[in-house]
Amino acid sequence: RVKGLVLRVGAVAAGWGRVQDLRDALVRFRLSGKPSWAHLEFAGNLEYFLATGCAKIAASPTALLDVTGLSAEVSFYRGTLDKLGVEAQFEGVGKYKNAPNQFTERSFTEPHREQMEALVGSLFDTYVAGVAEGRRLEGPVVRTIIDQGPFRAEEARAAGLVDELLYRDQVEERVPGQRLDPARYVRSSRGFSLDGRPKIALVYAVGDIVPGESQSSPFGGGLAGADTIVRGLRQAREDSTVRAIVLRVDSPGGSGTASDAIWREVALARRVKPVVASMGDYAASGGYYVAMGADEIAAQPGTITGSIGVFSGKFSLRGLYGKLGVSQETVRRGTNATLFSSWEPWSPEERARVRDLNEAFYATFVAKAAEGRKKKPAEIEAVAQGRVWTGREALAVGLVDRLGGLDAALVAAAGRARIPKGQEVQVVVL
């Protein structure tokens with residue numbers, strides 16, 4: 001029988017969405033009444049936010065808590081590219097679709113600044129609310145404390161950010177008993193078995209969305225291959241023992257065509273059984289595209305989502321080649337044969353053609369989002385334009401249905417599949 005929990009918090013290699021998933025689980029454990037301790041040796045804002053899910057927080061006597069608030073730093077390379085003789089040529093649809101701005105601008109445009117201010121403000125509000133709830137403090141008090149950071153261990157205790165100054169072994173003594181590996185409680189499986197519990201299929205779309213197969217990366221990120229994801233969704237759709245599907249999306253976007261292929265498979269699956277989308281750190285642009293056709297979408301307050309927009313472009317390196325003494329001659333057939341040449345800059349007619357292509361895809365994006373969200377295209381247009389939202393904001397503007405992590409999505413899928421409440425399910429990863 002589990003008597004308590006000790007969480008050692010090190011550097012967290014995740015974003016706000018996934019950290020909120022973990023923190024939600026800690027809060028559920030805390031509500032059981034069993035003791036739970038977080039131990040910190042160093043903590044930034046994200047690590048400290050996670051720790052506040054525990055009932056008690058201990059810090060090593062020499063710990064440093066870099067609890068100082070949130071910021072977003074954006075670098076702009078237009079000046080550097082000008083010096084190199086490189087021209088960034090991009091066309092996009094949506095005034096907030098600002099991904100190319102780092103190459104085409106020298107500073108924030110007004111829409112870019114507006115969006116960044118809103119994002120940082122929303123995340124900071126979520127951060128303050130979590131710390132206030134976890135430490136039983138008022139929001140204004142938390143904001144005042146944050147303005148005084150960073151903190152030495154003794155200062156953190158005096159400010160109410162931690163309860164005690166303890167080394168790791170001393171914390172473990174507060175929860176006596178045999179140490180258990182958390183892995184023994186993992187109940188998901190890969191592939192099918194003779195387990196009699198109702199099955200919910202879990203399909204991952206993690207990384208940049210590309211045609212072909214998914215690929216993991218030792219450096220994080222990876223690629224979400226449309227072929228791999230479509231195959232998993234189809235397998236779940238065609239297996240009669242699977243009662244519902246959860247599509248877990250953690251992607252900043254990618255190929256529009258690959259995203260559309262996944263969207264189509266989600267649409268086919270919905271004809272047969274419920275599909276619920278669960279958003280992680282990011283489900284933006286193509287990441288939102290693949291999720292928007294689900295029966296229901298769950299996102300964490302800190303998830304970055306939306307970005308209903310499109311852009312494409314290239315870098316013309318003619319100026320750089322000239323500086324290096326490189327010359328080039330071109331033989332072509334077809335008016336637009338050099339449209340994406342790294343040598344030839346766009347003519348006005350070529351730029352107009354690229355914009356036409358982007359506008360056509362944007363119209364498709366908006367129309368399918370309206371269909372999936374059961375709204376009019378004008379309603380989606382009002383929250384589109386490439387605008388990025390936090391999950392908390394996305395709920396308010398109708399782009400997601402509920403706040404919560406993967407656990408909440410699994411509960412929603414079970415409910416839609418009419419699996420009795422409290423019935424244990426088998427989660428099958430495809």
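The values are calculated or read from the model by the stated rules, or taken from the named source; none is laboratory data. Note that this is a predicted model, so its numbers are computed, not measured. Cβ: placed from backbone, ideal geometry, glycine included. Neighbour counts: every protein chain shown. When the accessible area is computed, the model is the full protein with side chains, heavy atoms only, and any ligands, DNA or RNA have been set aside. Shrake-Rupley method; radii C 1.70, N 1.55, O 1.52, S 1.80 Å.
Approximating the spin labels as points 7 Å out from Cα along Cα→Cβ, the Ala118-to-Asp181 distance works out to 4.7 nm. Note on Thr257 and Leu357: the model spin-label points, each 7 Å out from Cα along the C-beta direction, lie 1.0 nm apart. Taking the protein heavy atoms of the chain in the context of the full set of protein chains, the accessible area attributed to carbon and sulfur is 52 percent at 1.4 Å.
Once you have the Cα-Cα distance between Glu164 and Arg8, take 0.36 nm times their residue separation minus that, and quote the gain in nm to one decimal.
Details: separation 156, 0.36 × 156 = 56.16 nm, distance 1.46 nm.
Extending this stretch completely gives an extra 54.7 nm.
For Thr80 and Glu349, the difference between the fully extended length at 0.36 nm per residue and the C-alpha to C-alpha distance is 94.1 nm.
Quick check on the chain: helices-only [θ] at 222 nm, where DSSP H runs of length 4 and up contribute -39,500 (n - 2.57) each and the sum goes over total residues. Nearest 500, please.
Details: 16 runs with 171 residues, N = 430.
Mean residue ellipticity, 222 nm, calculated: -12000 deg cm²/dmol.
Comparing Ala129, Ala382, Ala43 in a Gaussian network model of the chain (Cα springs below 10 Å), the most mobile by mean-square fluctuation is Ala382. In the calculated pair distance distribution of the chain, what percentage of Cα-Cα distances lie above 27 Å? Here the tail beyond 27 Å accounts for 60 percent of pairs. Considering only Ala72, Ala412, Ala205, the mean-square fluctuation computed in a Gaussian network model of the chain, springs between alpha carbons under 10 angstrom, is largest for Ala72. I want the antiparallel fraction of DSSP beta bridges within the stretch 1-153, as a percent rounded to 5. So the antiparallel bridges in the stretch 1-153 amount to around 15 percent. Near Lys3, which lysines are there with a Cα under 18 Å away, not counting those fewer than 8 places off in the same chain? Of all the lysines, those that pass the test against Lys3 - Cα under 18 Å, at least 8 places apart if same chain - are Lys34, Lys56.
In Å², and per residue, what accessible area does the chain have when probed at 1.4 Å with the other protein chains present?
On the way: 21150 Å² over 430 residues.
With the other protein chains kept in place, the chain gives 49 Å² per residue.
Distance between the modelled labels on Val397 and Arg28, one decimal in nanometres: 3.0 nm (7 Å Cα→Cβ projection). Dimensions of the stretch 1-84 based on its C-alpha atoms, expressed as ranges along the principal axes with the largest first, amount to 66, 29, 18 Å.
Bridgeable lysines around Lys314 (alpha carbons under 22 Å apart, same-chain partners fewer than 8 residues away excluded): Lys83, Lys95, Lys97, Lys323.
Other residues whose C-beta falls under 15 angstrom from the C-beta of Gly222 contribute a net charge of -3, scoring Lys and Arg +1 and Asp and Glu -1.
Report the relative contact order of the chain, percent, no decimals, based on alpha-carbon pairs under 8 angstrom and at least 6 residues apart. Show your work: numbers first, answer last.
Values: 859 pairs, mean separation 88.0, N = 430.
So the answer I get is 20 percent.
Build a GNM of the chain with springs between Cα atoms under 10 Å apart, and of Leu40, Leu84, Leu26 the one that fluctuates most is Leu84.
Compared with the direct C-alpha span, the chain from Thr364 to Glu173 gains 62.8 nm at full extension, assuming 0.36 nm per residue. Rank Thr126, Ser107, Ser240 by how far each Cα sits towards the positive end of the charge dipole of the chain (+1 on Lys, Arg Cβ; -1 on Asp, Glu Cβ) and give me just the farthest. Going by the charge dipole, the pick is Ser240. Grab the beta carbon distance between Thr109 and Val326, set R0 = 30 Å, and tell me the FRET efficiency rounded to 0.05. Once the sixth-power term is evaluated, E becomes 0.35.
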